[in-house]
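Notes to accompany the following structure.
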Amino acid sequence: MESKTEEASMINVSSLTCIDLDNSNLHQLAVLLKQACLDSGFFYVINHGMSEELKEEAFEQSKKFFALPLEEKMKVLRNEKHRGYAPIHESRLDPKNQVQGDYKEGFTIGMEGPKDCPDLDKSFYSSNIWPNPDVLPGWRETMEKYHQEALRVCKSIARVIALALDLDVDYFDGPEMLGNSIANMILFHYEGILSDPSKGIYACGAHSDYGMMTLLATDDVMGLQICKDKDAKPQKWEYVPSIKKAFIVNIGDLLERWSNGLFKSILHRVLGNGQNRYSIPLFVLPSHKCLIDCLPTCQSKINLPKYPAIKCSSYIFQRYKEVHEHQKQT
């Protein structure tokens with residue numbers, strides 16, 4: 001009976017707010033964004049300034065990498081700094097419900113700090129590793145450009161988020177915030193398998209992102225689902241369709257913590273429908289030195305901070321450890 005309920009819920013398609021970043025009325029955008037974050041924690045952004053040509057080139061280059069023989073991909077296997085290639089089943093984001101790891105492979109590209117800057121923790125700003133340029137000419141240049149442009153879009157969104165939380169528009173711009181942000185971009189390839197939740201088979205297990213926000217580009221293959229109420233029995237899952245020339249944005253656990261629970265970080269997962277699927281999320285956090293404390297506008301005498309203050313680097317290591325503990329149980 002449970003599997004039938006689950007199956008029936010899969011036909012729902014979510015209707016999300018669209019934020020037009022070309023709108024000069026930032027306060028109007030802030031009202032829309034705030035409502036979107038209260039409703040679902042997911043929204044679209046359009047007129048973001050990134051060219052479709054760059055996005056399409058990034059997807060083409062991503063497909064070229066994942067089409068390489070496994071032997072070639074293993075030459076850039078993910079290192080201890082979490083940069084590089086992660087094979088299929090390497091991650092298992094929902095160990096309670098998954099019988100195996102995710103049916104996806106990935107490649108992580110992060111921020112690189114100046115080599116002569118002693119203040120930057122090399123755990124978060126280390127050198128990336130790249131495929132052989134003779135095998136994939138132009139690959140690195142495309143990915144670096146896409147990463148740079150995607151981060152620019154996120155910084156624009158952060159200004160609207162600041163207004164939505166009754167902060168100064170440039171609140172998140174400083175060097176301890178997004179001025180030295182941690183931004184990991186992961187290229188994903190979901191293998192063409194058919195997910196079956198009743199059997200614990202998922203393209204990507206249910207989880208919430210732990211950062212500030214995630215900027216997601218996907219192809220037109222349906223698969224992403226969100227659950228607006230994780231405590232509902234049974235959980236109701238809704239598909240989030242891809243919209244041409246738009247990014248999908250979602251709030252992460254860190255912003256939920258910052259906003260004292262006002263903005264919710266929503267459970268999401270990916271179900272495979274038998275087709276190959278590609279996506280490129282950018283996971284954005286503030287500087288490793290940033291103290292994640294309840295924002296002044298999100299607390300009062302009757303709404304005290306729900307979470308203790310924590311340094312961003314400590315928070316990330318804590319979350320990494322949780323993920324790795326899950327992996328050890330697989």
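The values are calculated or read from the model by the stated rules, or taken from the named source; none is laboratory data. Treat the numbers as computed from the prediction; the structure is a model and nothing was measured. We place every Cβ from the backbone using ideal geometry, glycine too, and count neighbours over all the protein chains shown. What goes into the accessible areas is simple: the full protein's heavy atoms, side chains included, and nothing from ligands, DNA or RNA. Shrake-Rupley method; radii C 1.70, N 1.55, O 1.52, S 1.80 Å.
What to note about this one:
- From the coordinates of this entry, Cα extents along the principal axes in Å is computed, and it appears in [x] 59, 56, 40; [y] 62, 48, 33; [z] 53, 47, 39 under the label [x].
- Fully extending the segment from A67 to K233 would add 55.7 nm, taking 0.36 nm per residue of separation and subtracting the current Cα-Cα distance.
- Under a Gaussian network description of the chain, with springs only between Cα atoms under 10 Å, the residue in G110, G211, G261 that fluctuates furthest is G261.
- Summing charges over neighbours of K244, with a neighbour being any other residue whose Cβ is under 12 Å away from its Cβ, gives -2 when K and R count +1 and D and E count -1.
- Pairs spanning more than 18 Å between alpha-carbon atoms, out of K34/K306; K34/K264; K96/K306: K34/K306; K96/K306.
- Principal axis box of the range 61-200, alpha-carbon based, largest edge first, Å: 47, 43, 25
- At 1.567 mPa s and 4 °C, Stokes D of the range 25-108 from Kirkwood alpha-carbon radius, µm² per second: 79 µm²/s
- Nearest-20 debye value, the chain charge dipole, Cβ charges on Lys, Arg, Asp, Glu: 720 debye
- Surface per residue (accessible, 1.4 Å probe) for the chain, Å²: 47 Å²
- Spacing of the two label points (7 Å from each Cα toward its C-beta) at Q299 and H27, in nm: 2.8 nm
- Cα gyration tensor, the range 205-263 - rounded (a/c under 1.5), prolate or oblate: oblate
- Those GluC sites (Glu not before Pro) in the range 130-209 that DSSP places in a loop and that have at most 15 other beta carbons within 10 Å: E176
- Between T218, T297, T108, the residue with the greatest mean-square fluctuation in the GNM of the chain (Cα pairs under 10 Å linked by springs) is T297.
- In Å², nearest 10: area of K244 left accessible to a 1.4 Å probe: 150 Å²
- Estimated from helices alone, the mean residue ellipticity of the chain at 222 nm is -8500 deg cm²/dmol (sum of -39500 (n - 2.57) over DSSP H runs with n ≥ 4, per residue).
- Most mobile listed residue (P133, P281, P87) in the chain, GNM with C-alpha springs under 10 Å: P133
- Solvent-accessible ranking of V99, V153, largest area first, probe 1.4 Å: V99, V153
- Distance from the range 124-162 to the range 253-321 (C-alpha centre basis), Å: 21 Å
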